[in-house]
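Asker: Can you keep this structure in mind? I'll have questions shortly.
The values are calculated or read from the model by the stated rules, or taken from the named source; none is laboratory data. In this text, all values refer to a predicted model and were calculated from it rather than measured experimentally. Note: ideal-geometry Cβ built from the backbone for every residue, glycine included; neighbour counts use all protein chains shown. Areas reflect the complete protein model, heavy atoms only, side chains present, ligands, DNA and RNA absent. Shrake-Rupley method; radii C 1.70, N 1.55, O 1.52, S 1.80 Å.
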Amino acid sequence: MAVYGLIGNPVDHSVSPPMQEAAFEERGLDARYVTFEPTEDALGLAVAGARALGVAGLNVTIPFKQSVLPLVDPDPLADRIGAVNTVDFDGEPTGHNTDAEGVTRALEYHDVPLAGTAVVVGAGGAGRAAAVALADAGATVRVANRTVGRAEALADDVPDATAHGLAALKPLLADADLLVNATSVGMETDETPVPTSALHGDLAVLDAVYAPLETRLLQDANEAGATTIDGAWMLLFQGVAAFELWTGLDAPVEAMNRALRAAL
Ligand code: NAP
């Protein structure tokens, strides 16, 4: 039996186990997906131990996405993003960032063109993954973040990107095609990082936040006539990309989506 897992702290509410196990079952794989919750100072031991025990692959979540980088050989995309959310133990441990593919594949699945002007709100791990992925897909990226210095640091790493504070969101969005919320604002609260008056019907809006599924931002965007894509789609496609990387098989997207949404 192959063992895969998620390493983070906390991970007790993760929906990755049912999503990945639905994929294993659908593809007839003898595999399990379990969660691990080491302390921060035991991360090195945990990764080495997982490797020694023959764990086949790990997803990595908060707070370890950056601190796991020196423990693995990151691929060029993970290196540019500066964060790893998937480790493959096939040979030397390699680090990958499937959050990036989570953004682009969620948008493609909803027929949203990627090559327009994209505003990414947030410059943490999810914001970095979104900005790099969208620029690579041909978008012109504008990064807006509460801490402007972090937006500037991200824009420096993304070709032709510009950096802004949150106060600039209204003019930034006026002619934009796409908005990605990659802040944690709206997670378990009724708050939004984007003023309602900045939203319009020509936007597609992807919210990385997935609890609740229908965030205040997505409710406002719906009312403005925008196309809306909830955070479970990003979660789904980062898991789809991880499954494909680990197994070399096409992921059963519909089965994974059903299991994920049933668990949320
Ligand atoms: P992170 O690295 O901690 O970054 C947090 C971001 O949120 C930063 O840009 C931060 O701005 C901003 N922020 C936090 N509180 C804020 C506030 N009150 N007002 C304005 N901005 C605020 O976290 P992350 O890993 O990027 O995750 C961000 C969100 O995306 C989380 O909710 C996470 O669950 C979600 N996520 C979803 C998926 C998915 O698959 N759907 C994948 C990854 C992450 P400062 O820089 O100014 O602090």
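Asker: Do you know the relative contact order of the stretch 101-229, to the nearest whole percent, from alpha carbon pairs under 8 angstrom that are 6+ apart?
Answerer: Values: 283 pairs, mean separation 28.4, N = 129.
In percent, rounded to a whole number, it is 22.
Asker: Further question: Under a 5 Å amide H to amide H cut-off, with H placed in plane at 1.01 Å, what residues pair with Leu6 once short-range neighbours are removed?
Answerer: Amide H to amide H, under 5 Å and 5 or more residues apart or across chains, Leu6 pairs with Val34, Thr35, Phe36, Asn59.
Asker: Still on this model: Mind checking the per residue accessible area of the stretch 101-229 for me, 1.4 Å probe, whole number of Å²? It would help to have the intermediate numbers written out before the result.
Answerer: Working: 5340 Å² over 129 residues.
Normalised by residue count, the accessible surface of the stretch 101-229 is 41 Å².
Asker: I've got another one for you. Using a 7 Å offset from the Cα along the Cα-to-Cβ direction at both Arg51 and Met187, what is the distance between the two label points in nm, to one decimal?
Answerer: 2.8
Asker: Charges at C-beta only: +1 for Lys and Arg, -1 for Asp and Glu. How large is the resulting dipole of the stretch 132-264 about its Cα centre, in Debye rounded to 20?
Answerer: Values: 7 positive and 19 negative charges, 45 e Å.
Dipole about the Cα centre, nearest 20: 220 debye.
Asker: Rounded to a whole number, what is D in µm²/s for the stretch 59-155 from Stokes-Einstein with the Kirkwood radius over alpha-carbon pairs (20 °C, 1.002 mPa s)?
Answerer: Working: Rh = 13.7 Å.
Answer from the Stokes-Einstein relation: 156 µm²/s.
Asker: Need the C-alpha centroid separation for the stretch 143-174 versus the stretch 241-264, integer Å.
Answerer: One Cα centre to the other: 32 Å.
Asker: With the contact rule set at Cα under 8 Å and sequence spacing of 6 or more, what percent relative contact order holds for the chain? Can you show the working numbers first?
Answerer: On the way: 567 pairs, mean separation 45.5, N = 264.
Once normalised by length, the contact order is 17 percent.
Asker: Beyond 31 Å, what percent of the Cα pairs of the chain remain?
Answerer: Values: 7945 of 34716 pairs.
It works out to 23 percent of all Cα pairs.
Asker: Something else: Share of the chain's accessible area from carbon and sulfur, percent, 1.4 Å?
Answerer: Numbers: 5650 of 11250 Å².
The C+S portion of the solvent-accessible surface of the chain is 50 percent.
Asker: How large is the convex hull of the Cα atoms of the stretch 140-242 per residue, expressed in Å³ as a whole number?
Answerer: Details: hull volume 10.9 nm³, N = 103.
In the stretch 140-242, the Cα hull volume divided by residue count equals 106 Å³.
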